[in-house]
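Single-structure report; data block below.
Every number in this text was worked out from the coordinates using simple rules, so none of it is lab data. Please read all numbers here as calculations on a predicted model, not as lab measurements. Don't worry about glycine lacking a Cβ; one is built from the backbone with ideal geometry, like all the others, and counts go over all protein chains shown.
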Amino acid sequence: MPEKIAITMQKGGVGKTSTTVNLADALRRFGFRVLVVDLDPQANATRILQMNRSDAPTSTDLMLNADLSAQDTVTATKIPDVSLIGANIKLASIDNALRNPERYPQPIQQLQRKLDAPDLAFDFVLLDTPPSLSILTMNGLAASDHLIVPMESGSQFSFEGIEDLMDIITVVQTVRQKLNILGVLVTKHDRRQNVCRAVFSSIQDRFGKEVFTTTITASTAARKAEFSGESVIQHDRKSKAAKDYMELGKEILGRLEMNPKKQTGETTAVITTHQA
Ligand SMILES: Nc1ncnc2c1ncn2[C@@H]1O[C@H](COP(=O)(O)OP(=O)(O)OP(=O)(O)O)[C@@H](O)[C@H]1O
Ligand SMILES: [Mg+2]
């Protein structure tokens, strides 16, 4: 069974989508097969990853249509060994659709039952969630084994709403006992700035060992990569943000007590060039 990891934080713009896409690329470079599930109606991960605009069924269809399996909705992406269950704006109304107890008696477990299917042949499933604590987000959490909580170090408001997220996790654990926080990830970090250092140390005070040692550096390469529809590792492998995401992949494998299936470094760089 794949390790399922939701990247979640209801605060907007903290790096959920960037982390999902880049971690997917990092993990596949360590030799793993990765599925990204886009659970955000903004569909940013879908836009970055998808090959062409497609009519393939989306995560909305997967959650609402009992006959559809996860495998039926998987599409290939621009990144080798990374697949996608995409989203579109229709996902914005799913909370309303799921508020129908006759049709959906277990509204927050619609996705869980699909992603727990034994035929899902991936090593990792990464779920990008929207900036809300909605039934949709709860579906993402209930389908996951682990959470990564990104927090922006450049904002003194990073902690806002964190207790509400913790409450939602407790609710979801009633239907997903194993759900745990794999780590808190400090994003858009700039060691030179006082505010970043101060926020980083208060995040450490609050979460202790849960905070990943790896932080993601604030970098223009990350923004440019998004603009050109690539992971930052594809866009500029030598950039600090690209190295940070590779390091994060390694730290996550360590926390999950897994070993890379493939060594990265120059060998992978050559392979990647041939594939591209
Ligand atoms: N390390 C980074 N350095 C600089 N900019 C970054 C970095 N990571 C992400 N960004 C930029 O910050 C913005 C928000 O990032 P992202 O979309 O990943 O956040 P999000 O949490 O998914 O947002 P939303 O809540 O809207 O889904 C994007 O424009 C992205 O390019
Ligand atoms: Mg996002």
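Within region 114-138, which residues are outside any helix (DSSP H, G or I) and β-branched (V, I, T)?
Residues satisfying the conditions are V125, T129.
Just checking, does region 119-132 include any residue being of a type in the set (A, V, I, L, M, F, W, C), surrounded by 19 or more Cβ atoms within 10 Å (Cβ to Cβ), within 16 Å of ligand 2 (Cβ to nearest atom) and touching a residue at least 24 places away in the same chain (Cβ under 8 Å)?
Taking every residue of region 119-132 in turn, at least one turns out to be of a type in the set (A, V, I, L, M, F, W, C), surrounded by 19 or more Cβ atoms within 10 Å (Cβ to Cβ), within 16 Å of ligand 2 (Cβ to nearest atom) and touching a residue at least 24 places away in the same chain (Cβ under 8 Å).
Would you check if D116 is of a type in the set (D, E) and more than 29 Å from S219 (Cα to Cα)?
Yes, satisfied.
Which one of the conditions (1) in contact with a strand residue (DSSP E or B) (Cβ under 9 Å, 6 or more places away or on another chain); (2) more than 16 Å from ligand 2 (Cβ to nearest atom) does L185 fail to meet, given that it meets all the rest?
(2)
Does P150 count as outside any loop (DSSP other than H, G, I, E, B) and within 16 Å of ligand 1 (Cβ to nearest atom)?
yes
Check whether at least one residue in region 39-50 is away from ligand 1 (no atom under 14 Å from the Cβ) and not small (G, A, S), and report yes or no.
Yes, that holds for at least one residue.
Would you please name the residue that is nearest to the chain's Cα centre (by Cα), looking only at residues in region 239-257 that are of a type in the set (G, A, S) and buried (at least 16 other Cβ atoms within 10 Å of the Cβ)?
G249
Kindly list the number of the only condition in (1) within 30 Å of Y104 (Cβ to Cβ); (2) within 9 Å of ligand 1 (Cβ to nearest atom) that fails for G13.
Going through the list (1) within 30 Å of Y104 (Cβ to Cβ); (2) within 9 Å of ligand 1 (Cβ to nearest atom), G13 breaks only (1).
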